[in-house]
Amino acid sequence: MKQKYVLGLLILSGLLSACASSPDNTYSQSASAQTGKDIHWNAQSEHAKASATLTDLVSLPGLDGFIQEALSNNTSVQQTLITLRRAQVAIESAKAEGNLNASASFQGVRTSDSASQNSSNTNTYTAGLDISWELDVWQKISDGVDAASFNAASSRATLQATQDTLVANLIRSYLDIITQKQLLAVEHRRLEVFENSESVILKRYRTGLGALDDLDDARTNSASTKATIAEYEYTLATNLRAFALLLGRQDLTLADFPTIDAFPQVSAPLASLPAQDLARRPDLQSAYYALKSTESSVNVAYKALLPSINLSAALSDSATTPSQALFTNPVWTLLGQMTAPLFQGGALRAQIKDAELASLNAWWQYRETLLQAVKETQDALDNERSLTLQRRYTEQALDNATRSADTAKGQYRQGLIDILDLLSVYNTRFNLQAQQLQLHASQLQNRIDLGLALGLGVSQ
């Protein structure tokens, strides 16, 4: 009697200990209130446009086809998709914990009695059916399903983030190819000017009007320009390979692109619309659902301290023939069982602590993702303003350089300056043309970066 009393006290103390502890699920509540919607954004372009997707910002020939090909064949997207499917399978596995479990068995045994004068053999067949079910009294299994569901939601958001980044990189790469083609065109025009000047200098030298030093300077400029062309051609080739990688192809040529020799119009996205606050960023959503998953896992760890209740039924029969053993005259056994953990060397408490630390870490990961999102958005807004000013002043400088080139050309024809002075003015103009192209490309790509930072992606 005393032993039963002691056992009862141990069970009661275990239950009280489990009930006295409760998980803290305030992290996700704090996270849901922190989405960047109250941030005062830096001033943005007056030409900013309300947009829902990245493709609303830009119109490029053939882009939609490239996007569909990339989404279907890109290796990173496919791997992330598999991760999502595995997370969805884990939901079914968690649900199975609360399902009815049944198992069947059949056994045949042959015994021989060799001790008697007339030895004989006896066959015995046994059939059994076991059914078990754990009652989810404390919602432990339900919490496990929630954890798996939130993890799948996190994986789904990660897939969206991967797809959005892929589309942004595809547009950037497309713009890079256009940029390199235009830069090559500028360098070829520069080379043509320098090579023509070589012919002019050589003719003047033969007539005694010039020196070979001028020819050396012109050839130096030509050689330098050829080196730059070689560099740009290599960069264009690497851009094509990068674009092919995004598409999931092994190679790509300029013939696969529509003929386009000028930059498209790329709009700046608005950063102040409620529909475009940072809560729509899929990486932030992924971090939030990952946090929710860890909180459900904490609930599971706490409820492992509580008793578990299992119902089981067993059906068995034994006979000398297989047909008779298949439940001709079965015996049923019904059992209700409650088990409670008493002492496991602190393993369950350690699991609770580990789950709580994982949840705390998920909270800080969410905070890190949010802070990075704010930084990316502010950087892109600042960069938009800076690039606008740089382009404005560079265009003014280019206009001045163009007028200087026209003036220098007239002065050269009048013999007021020599050809090297004229080439220097032309060189300045070509440098400004290249700089203006690069700034234009940087601003277009920055607008894609801003759209991605605001959570604009690709519609499915």
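The values are calculated or read from the model by the stated rules, or taken from the named source; none is laboratory data. This structure is a prediction, so every number in the text was calculated from the model and none was measured. No Cβ is skipped: glycine too gets one built from the backbone with ideal geometry, and neighbour counts run over all protein chains shown.
The table that follows gives values for the structure above.
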read-out	value
Those residues of the range 50-89 which are in contact with a Ser or Thr (Cβ under 9 Å, 6 or more places away or on another chain) and of a type in the set (G, A, S), in sequence order	S51, A52, S76, A87
Subset of the range 178-202 (residues that are of a type in the set (S, T, N, Q) and modelled with pLDDT of 90 or more)	T179, Q180, Q182
Candidates Q365, Q433 - the one that is over 24 Å from P282 (Cα atoms) and in contact with a helix residue (DSSP H, G or I) (Cβ under 6 Å, 6 or more places away or on another chain)	Q433
Inter-residue pairs, beta-carbon under 9 Å, first closer than 9 Å to L247 by Cα and in the range 69-83, second loosely packed, with under 13 Cβ neighbours inside 10 Å and of a type in the set (S, T, N, Q), 6+ apart	L71/Q460
Among the residues listed as L291, L284, the single one being modelled with pLDDT of 80 or more, under 30 Å from S30 (Cα atoms), crowded, with 21+ Cβ neighbours inside 10 Å and touching a Leu at 6+ places or on another chain (Cβ under 9 Å)	L284
Subset of the range 156-200 that is polar (S, T, N, Q) and touching a Gly at 6+ places or on another chain (Cβ under 9 Å) - its residue that is surrounded by the fewest Cβ atoms within 10 Å (Cβ to Cβ)	T165
Matching residues in the range 59-100 - criterion: being within 30 Å of L135 (Cα to Cα) and either surrounded by 14 or more Cβ atoms within 10 Å (Cβ to Cβ) or touching an Asp or Glu at 6+ places or on another chain (Cβ under 6 Å) (or both)	L84, A87, Q88, A90, I91, A94, K95, E97, G98
When residues of the range 360-413 are limited to those that are among the hydrophobic types (A, V, I, L, M, F, W, C) and more than 24 Å from the chain's Cα centre (by Cα), the one nearest to A33 (Cα to Cα)	L387
Whichever residue in the range 346-396 is among the basic types (K, R) and within 14 Å of S297 (Cα to Cα) and, among such residues, is modelled with the lowest pLDDT	R349
Residue check for A153: more than 30 Å from S103 (Cα to Cα), in contact with a Gly (Cβ under 9 Å, 6 or more places away or on another chain), touching a residue at least 40 places away in the same chain (Cβ under 8 Å) and not β-branched (V, I, T)	no
One residue from N118, N151, N123 being of a type in the set (S, T, N, Q), surrounded by 20 or more Cβ atoms within 10 Å (Cβ to Cβ) and modelled with pLDDT under 95	N151
Qualifying residue in the range 421-432 (condition: surrounded by fewer than 21 Cβ atoms within 10 Å (Cβ to Cβ), in contact with a Phe, Trp or Tyr (Cβ under 9 Å, 6 or more places away or on another chain) and at pLDDT below 90)	yes
Within the range 413-460, tally of residues that are within 23 Å of A52 (Cα to Cα) and polar (S, T, N, Q)	6
The listed residue being at pLDDT 95 or above and among the aliphatic types (A, V, I, L, M), out of A262, A211, A227, A255	A227
Residue selected from the range 395-408 under the condition loosely packed, with under 14 Cβ neighbours inside 10 Å and among the charged types (D, E, K, R), by the criterion farthest from P282 (Cα to Cα)	D406
Residue that is part of a loop (DSSP other than H, G, I, E, B) and within 40 Å of the chain's Cα centre (by Cα), where the choices are G451, G455	G455
Top-ranked residue in the range 248-265 [being over 27 Å from the mean Cα position of the chain (by Cα) and of a type in the set (G, A, S); ranked as farthest from S442 (Cα to Cα)]	A255
Pairs, first closer than 24 Å to N446 by Cβ and part of a helix (DSSP H, G or I) in the range 269-297, second modelled with pLDDT of 85 or more and of a type in the set (D, E, K, R), C-beta under 7 Å, six or more apart	P282/D164
Residue that is surrounded by fewer than 15 Cβ atoms within 10 Å (Cβ to Cβ) and not polar (S, T, N, Q), where the choices are R392, R447	R392
Subset of the range 218-264 [aromatic (F, W, Y), under 18 Å from Q438 (Cβ atoms) and not in a loop (DSSP other than H, G, I, E, B)]	Y232, Y234
